[in-house]
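Read through the structure below, which is laid out as structure tokens, and then see the notes.
The values are calculated or read from the model by the stated rules, or taken from the named source; none is laboratory data. Quantities reported herein were computed from a predicted structural model and do not represent experimental measurements. For neighbour counting, all protein chains shown are included, and Cβ atoms are generated from backbone atoms with ideal geometry for every residue, glycine included. For accessibility, only protein heavy atoms count, side chains too; no ligands or nucleic acids. Shrake-Rupley method; radii C 1.70, N 1.55, O 1.52, S 1.80 Å.
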Amino acid sequence: MIPFLMGTLYALYRYEDFYWLRALFMFVSLLSFDMATTAINNYYDFKKASKTHGYGYETHNAIVRYKLKESTVVATIVTLLLLAAGAGILLVTQTGLLIFLLGGLSFLIGILYSFGPIPISRMPLGELFSGLFMGFVIIFISAYIHTDDSVVSLLIQHGWVQLHINIPEVIYLFWFSVPAILGIAGIMLANNICDIEDDIENRRYTLPVYIGRNHALLLFKLLYYVSYVDLIVLLILRVNVLLVLLVLLTLIPLRRNIALFTANPDKATTFSLSVKNFIIMSAARIVVLGAAVLVHYVT
């Protein structure tokens, strides 16, 4: 929901347009699919777990914790996927082929992330895929649906495919998305750092398993500090300098949370700090961009 809101506000500020019906269809599809992939991930972990005791299995997995029936879980997953696909198709009818392709690819990656012979979540690519698709792709689509093809257009005419890309606009959008990309990757990395022993036992070869806990903790720190490069693009887009500088204040709680997590990476006690960091980073940018939108429309 945070990348969705960031992309929507970006479109309001940059493109000065908003289509509420498109936003509603995307909201329903996005939320339904996110819940579906979470359910698939829990179900796959429940079915494939070698270790059937401890916090990761008995408490963290909702199926075990709430004693859910497998049939109920499967029915929930199917219902959510149908709802997400239905709303997605309605969005395509309002926009075009590009949304169909990006949405379809996102659905595919979302399912393969948790399902299949070798799910992406069990590979050292989980942080990359989750960051790019939940960070950049969601923000891109959230902004794109309000642009009427002024950023990217994809047409099929007389057997020819025509793709037009406004390169500076796409670069700006990607640059703006960096905090979301790295913040979401940070959540996934923190999760995998906390689970490193269980993952080895359950044959989940995640990034921390490959590079080791110390290197993973160093990467965890770097993700957050690098994320502040997006402030440059906010200045390029002429967001008020004082508003942009206010975002730097988020470094204070961020540094404290990073220190607490790296000192004791634990799923039950400190993992939530990575989620808090993402919310702090994103909320600051949402407030700044929202204020910029209000100033822009008032003046």
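In this simple spin-label approximation, Tyr19 and Phe115 carry label points 7 Å from Cα along the Cα→Cβ vector, and these lie 2.9 nm apart. Residue ranking by accessible heavy-atom surface, 1.4 Å probe, largest first, among Tyr15, Tyr210, Tyr205 comes out as Tyr210, Tyr205, Tyr15.
Scaled against 2.2 N^0.38 Å for its residue count N, the alpha carbon radius of gyration of the range 138-262 is 1.41. With both labels modelled 7 Å from their Cα along Cα-to-Cβ, the Leu237 to Val78 distance reads 4.2 nm. Considering helices alone, the calculated mean residue ellipticity of the chain at 222 nm is -22500 deg cm²/dmol, with DSSP H runs of length four and up weighted by -39500 (n - 2.57) and normalised per residue. Partner aspartates and glutamates whose Cα lies under 17 Å from the Cα of Lys47, excluding those fewer than 8 positions away in the same chain, are identified as Glu58, Glu70, Asp198, Asp199, Glu201.
Surface exposure of the range 98-247, expressed per residue as accessible area with a 1.4 Å probe, stands at 48 Å².
Legend: translational diffusion of the chain by Stokes-Einstein, Rh = Kirkwood radius over C-alpha pairs, 25 °C, 0.890 mPa s; D = 120 µm²/s.
Measuring nothing but protein heavy atoms, the accessible surface of the chain at 1.4 Å probe radius is 69 percent carbon and sulfur.
Using Cβ point charges alone (K and R +1, D and E -1), the dipole size of the chain about the Cα centre works out to roughly 580 debye.
Rounded, prolate or oblate, given the Cα gyration tensor of the range 193-291, with a/c below 1.5 counting as rounded? Note, shape of the range 193-291 comes out prolate. Just flag the trypsin sites (Lys or Arg not before Pro) in the range 55-123 sitting in loop per DSSP whose Cβ has no more than 11 other Cβ atoms within 10 Å. Loop-located and lightly packed - Lys67, Lys69. Can you compute the FRET efficiency between Leu246 and Asn214 using 1/(1 + (r/R0)^6), with r the Cβ-Cβ distance and R0 = 35 Å? Round to the nearest 0.05. Once rounded, the FRET efficiency stands at 0.55. Counting 0.36 nm for each residue step from Thr38 to Phe100 and taking away their Cα separation leaves a gain of 20.1 nm.
Heavy-atom accessible area, probed at 1.4 angstrom with all protein chains present, ranks Leu231, Leu219 as Leu219, Leu231, highest first. Compared with the dominant Cα axis of the chain, that is its longest principal axis, helix 251-263 is turned about 20°. With a Förster radius of 30 Å applied to the C-beta separation of Val295 and Ile167, the computed FRET efficiency comes to 0.60.
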